Each structure stands twice: as C-alpha cells, then as structure tokens.
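What follows is a single structure, written as structure tokens, with notes after it.
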Amino acid sequence: MTQPRTLLAKIWDAHHVADTAAGATLIAIDRVFLHERTGASALKSLAAAGRPVLDPARVFAVMDHIVDTRPGRGDQTLMQGGQAFITETREAALAAGIRLFDVTDRDQGITHVISPELGIVLPGVTLVAPDSHTCTQGALGALAWGIGSSEAEHAMATGVLRLARPKTMRVTFKGRLSPGVTPKDMALTLLATHGAAGGSGYVVEFAGEAVGALDIEGRMTLCNMATEFAAMTGIIAPDEKTYAYLAGRRYAPATFDDPYWQTLRTDAGAVFDREIIIDASTIAPMVSWGTSPEHCVAIDGTVPQGPARAHEYIALDAGAPIKGTPIDAAFIGSCTNARLSDLRRAAAILRGRRVSPAIRKALVVPGSMAVKRAAEAEGLDKVFIDAGFEWRMSGCSLCFYAGGEGFEPGSRTISSTNRNFEGRQGPGIRTHIASPETVAASALAGAIADPRERLA
Ligand SMILES: CC(C)[C@H](C(=O)O)[C@@H](O)C(=O)O
Ligand code: SF4
C-alpha cells in the first residue's frame with residue numbers, strides 16, 4: 001500500500017526534477033506571471049545576460065501595480081518616476097515574446113484576479129510570480145507562491161526553481177459561517193488567534209466544511225491572506241466547483257479528465273506537520289485595529305492591549321470598542337476582495353443608500369476590467385456611484401499607494417485590502433482591514449459598523 005500523501009506532496013512529487021547535493025529540490029515550474037513593478041527587471045536582466053525565456057507560452061505579464069485607476073487612463077501614472085516601469089515592461093515583454101495584458105487590454109486587472117479569470121492557473125500546476133499575494137491562486141488547487149525577481153529570472157530561463165521542502169499545515173474550518181460572515185473574516189480570525197508569523201515555513205492547506213462551502217472567489221480571499229500569515233502559500237483541494245469555475249476559460253483545457261487531477265486531494269490518514277482547527281460557526285465579522293494583520297478583533301469586541309507604537313499610530317486605546325470608531329474614508333479593492341461576488345455583496349448593502357457625510361473619499365476599484373464590465377452589466381456601478389463611491393478602473397495602486405494617490409493624510413480608512421501597516425495606503429493613513437460588507441456598512445454609518453445589522 002502506498003503511504004497516504006498530502007495534496008502538497010502530490011503536486012511536489014509530480015514536479016520533482018532532481019534533488020540537489022545541498023538537500024534542496026529542483027521543482028518544475030509550469031507558469032510564471034510578471035507585473036510591471038517587479039517583473040520587468042527580471043525580463044531585462046535575462047535579456048542582458050543573453051538568455052531567452054525557455055518557453056514564452058508559459059509566461060504572462062500584466063500592468064497592474066502602478067497604473068492609474070482614474071477613468072480614461074493611459075500610460076500615465078501618478079507615481080513619480082513610475083512611467084519607466086510601464087514602458088520597460090512593455091518593451092521587455094514584446095522582446096521576450098510573452099503574452100502581456102497591457103494597460104488598455106480588455107483583460108487587464110490585478111495579477112491574482114486575472115490569472116484565475118483567464119484559466120491560466122489550474123489545479124495541480126506550479127505557478128510563481130514576483131508578488132507575495134500569488135498565494136491567492138492556491139484557491140484553484142495550484143501550488144502558487146510569491147518569489148523574488150531573480151528567482152523569476154531563473155524560472156523563466158530554466159523552467160525550474162530550487163526549493164527546500166516546506167512543512168505542511170492544515171487549517172480546518174469546521175461547521176458553517178453565520179450570515180454576514182465571510183472568508184475575509186476566516187482569514188482575519190486565523191491571524192488574530194495564531195499570529196502573523198503562525199504560518200512561517202509552511203504550505204497551509206485550508207480544509208473543512210466551511211471551506212468546501214465557499215465559492216471559488218471566496219476561496220481566493222481566504223488563500224490571499226496566507227502570506228499575511230507568513231506561510232509560503234495557501235492551497236485548497238480542487239472539487240467540482242473548481243472545475244465548473246474553470247470550464248470555458250480562455251487558457252483552461254477543454255476537458256478536465258487528466259487522471260492527475262483526480263488525485264489532487266489529501267489522502268485520509270496523511271500526516272501534517274501542524275494542524276489547526278477553527279469552528280467557523282463562532283466567527284464574527286472581523287476588523288483590524290492596529291498595524292499588523294494579526295491586530296484584529298471581532299466587530300463587537302474591544303481593542304486589546306498591543307504594542308504601544310501600534311496604538312499610537314492608529315490612535316486607539318486598549319479597551320475602546322472598535323465598533324463606532326469614526327472613519328473618514330472607505331475603499332473596496334485589491335486582490336483580496338474586489339471580485340464580482342465581493343462587489344455584489346457590498347452593493348447589496350449600499351443599494352438605495354448614501355454614505356455618511358463624514359466620509360471624505362470612498363472608492364471602488366474592481367479587481368479586473370472583466371469584473372468591472374460584469375459589474376456594470378448588473379448595474380452595480382450605478383449602485384456604488386449613487387451611494388457616493390467613485391467607480392474606478394482596475395489596478396493595485398490605491399491598495400499600496402503605488403500610484404502616489406491615496407486618501408487625505410491621516411485619514412482613517414476602512415478597507416477591503418490585506419495589509420494595514422504604517423503608511424500602507426499613504427502617509428499617515430490608518431487602514432482598518434475588513435470584508436467588503438463591513439466596508440459598505442461602515443461607509444454608510446461613517447464609523448466602523450457591523451454589516452449584520454444591515455442584513456436584518
Ligand atoms: C509590489 C509587490 C512586490 C508587493 C508584493 O509582493 O506583495 C505588492 O503587491 C504588495 O501587496 O505589497
Ligand atoms: S492588490 Fe494590493 S495586495 Fe494585491 S497584489 Fe496589488 S498591491 Fe499587492
């Protein structure tokens with residue numbers, strides 16, 4: 001009898017090329033995804049070394065990080081000196097013969113949103129990108145992780161990467177989520193209870209009834225924050241929902257009958273290096289109070305005692321109820337929570353209502369241009385605009401201040417993003433991360449609010 005294996009072990013074994021003398025493994029890389037902020041340098045340095053991209057058909061690039069999100073945008077970026085990232089990526093992608101989703105391409109969008117959308121990431125593949133949120137794509141059952149630019153260069157030139165075998169962790173969410181509670185709240189609960197370093201050195205498989213019950217977009221939100229947990233990546237075993245999601249997507253195969261796919265689940269009895277079990281039915285909507293993604297509390301909780309510097313930056317004292325904290329701005333966007341289902345759920349709360357007069361800036365940045373079009377076809381843009389939100393083009397820049405555009409200095413911003421460290425969304429900006437529902441409910445209230453009260 002063969003030993004029971006984890007999902008990770010199966011993908012690892014299928015991609016094993018050789019063991020190195022130093023105890024590492026050469027792993028075959030099926031896909032490389034680049035963006036203009038970190039990808040162009042890999043292509044340029046490859047070209048400078050006179051090395052071609054081994055298989056251009058497996059390499060993709062997109063302009064997402066610093067592009068302007070204002071309607072009617074072109075090559076201009078609000079980032080000082082940023083233009084070169086765009087023009088150089090374009091030139092390098094053209095020279096290398098790889099597929100580029102350029103600024104004005106109808107398929108442009110955030111890397112981790114468009115890769116699943118186009119069927120580029122598939123169950124059981126290895127996919128790397130010089131971006132930490134590549135873990136998002138593990139939701140499709142791929143081993144997808146963030147690398148550095150020089151590793152990207154190596155992967156493109158050779159088709160392999162040298163890796164130490166990661167440890168395995170399973171995080172099981174048993175039971176079901178309550179209404180108004182989302183995959184974002186699952187991720188924030190994991191971070192609050194096990195810390196922002198809890199996943200260090202591990203590939204985390206998310207499993208359990210509550211994970212199986214999520215749609216694919218929700219699974220992406222959960223896997224997205226594996227990097228905030230310091231894990232190498234997150235992964236979810238593919239199931240019927242995964243194959244239904246991928247059917248008909250441009251780069252996906254016409255049929256899903258490869259016997260390899262049938263094996264892509266953890267066998268009963270397989271042993272993980274670490275197991276965490278969380279009861280999904282006890283999770284409440286979560287919101288961050290501080291400057292690390294582990295600084296999270298339930299919406300009806302109080303700010304705990306944390307590092308003095310975090311309290312100082314965020315200007316909230318221990319013991320204060322988080323709910324009711326006045327906010328100045330609201331943001332729905334990013335690779336965490338800007339897919340169609342996220343926009344639908346936020347719009348359902350905002351429909352026919354106006355944001356509080358206290359809100360000075362409210363923005364929706366769809367995760368991709370395809371999400372934008374789909375949302376517009378349903379009239380969601382109108383719901384957001386009528387509620388007082390700006391409706392933007394797709395991109396990353398407002399998530400990490402890369403376009404040089406942010407919220408008014410010092411703003412307290414409720415945000416559907418994944419990072420809340422000092423200055424993440426601009427100088428002095430105090431970011432509170434939460435689900436799109438919580439962002440919408442808070443924008444209406446002008447203060448951090450419980451979305452469940454809007455669903456009643
Ligand atoms: C710019 C890029 C390398 C960075 C990352 O890797 O995560 C960005 O996407 C982020 O979210 O901070
Ligand atoms: S949306 Fe934000 S978190 Fe995601 S890749 Fe872009 S900058 Fe990084």
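The numbers here are math on the coordinates, done by the rules we state, and not lab data. Bear in mind the structure is a predicted one, so any value in this text is a computation, not a measurement. Glycine also receives a Cβ, built like all others from the backbone with ideal geometry; neighbour counts cover every protein chain displayed.
Here are the numbers for this structure:
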| quantity | calculated |
| --- | --- |
| Of Ala445, Pro366, Pro307, farthest towards positive along the dipole that unit charges on Lys, Arg, Asp, Glu beta carbons give the chain | Ala445 |
| Gain on full stretching of the segment that runs from Arg106 to Glu376 - 0.36 nm per residue minus C-alpha separation | 95.8 nm |
| Length-normalised contact order of the stretch 31-186 in % [C-alpha pairs under 8 Å, at least 6 apart] | 26 |
| Segments 154-164, 16-26 sorted - mean Cβ within 10 Å per residue, highest first | 154-164, 16-26 |
| FRET E, pair Glu453, Ala22, Förster distance 51 Å, beta-carbon r, rounded to 0.05 | 0.35 |
| Cβ crowding within 10 Å averaged over residues, with 262-269, 113-120 ranked highest first | 113-120, 262-269 |
| By average C-beta atoms within 10 angstrom, highest first, the peptides 171-179, 336-344 | 336-344, 171-179 |
| For Glu275, Glu36, order by how many other beta-carbon atoms lie within 10 Å, fewest first | Glu275, Glu36 |
| Residues Arg73, Arg58, sorted so that the one with the fewest Cβ neighbours within 10 Å comes first | Arg73, Arg58 |
| Listed residue (Ile327, Ser150, Met63) projecting farthest to the positive dipole end of the chain, Cβ model | Ile327 |
| Calculated on alpha-carbon atoms, Rg and Dmax of the stretch 70-129 in Å | 13.5, 40 |
| Distance between modelled label sites at Ala14 and Leu54, nm, 7 Å Cα→Cβ extension | 1.8 |
| Distant-in-sequence amide H partners of His432 (H built 1.01 Å from N, under 5 Å) | Thr413, Ile414, Ser415 |
| Largest-first ellipsoid semi-axes for the stretch 9-163, taking √(5λ) over the Cα gyration tensor eigenvalues, angstrom | 27, 18, 12 |
| Between the stretch 271-302 and the stretch 318-360, the Cα center-to-center distance that results, in Å | 19 |
| Cα coordinate range in the stretch 254-376, projected on the principal axes (Å, largest first) | 56, 43, 26 |
| Amide H contacts under 5 Å for Ala231, placed H, 5+ residues apart | Gly199 |
| Rotationally averaged projected area of the stretch 35-96 (alpha carbon convex hull; nm²) | 4.4 |
| Label-to-label distance, nm, for residues given as Arg70 and Lys241 (7 Å Cα→Cβ offset) | 4.0 |
| Bins of 10 Å, starting at 0 and running to the largest distance - Cα pair percent for the stretch 291-455 | 12, 43, 35, 9, 1 |
| Pairs from Lys10/Lys241; Lys10/Lys372; Lys184/Lys361; Lys10/Lys174; Lys174/Lys241; Lys184/Lys323 whose Cα-Cα separation, in the structure shown, is over 26 Å | Lys10/Lys372 |
| Hz values of 3J(HN,Hα) by residue in the stretch 119-132 - Karplus curve (6.51, -1.76, 1.60), Gly and Pro given as x | x, 6, 7, 9, x, x, 8, 9, 9, 10, 8, x, 7, 5 |
| With eigenvalues of the C-alpha gyration tensor scaled by 5 and rooted, the stretch 330-394, Å | 18, 13, 10 |
| Two-decimal log10 I(q)/I(0) for the stretch 167-282, as the Debye equation yields it once each C-alpha is a single scatterer, q = 0.17, 0.24 Å⁻¹ | -0.86, -1.41 |
| Compactness index (Cα Rg / 2.2 N^0.38 Å), the chain | 0.94 |
| Positive dipole terminus of the stretch 290-437, leading residue within Pro293, Trp391, Ser435 (C-beta point charges) | Trp391 |
| Net charge dipole size for the chain [Lys, Arg +1 and Asp, Glu -1 on Cβ; Debye, nearest 20] | 380 |
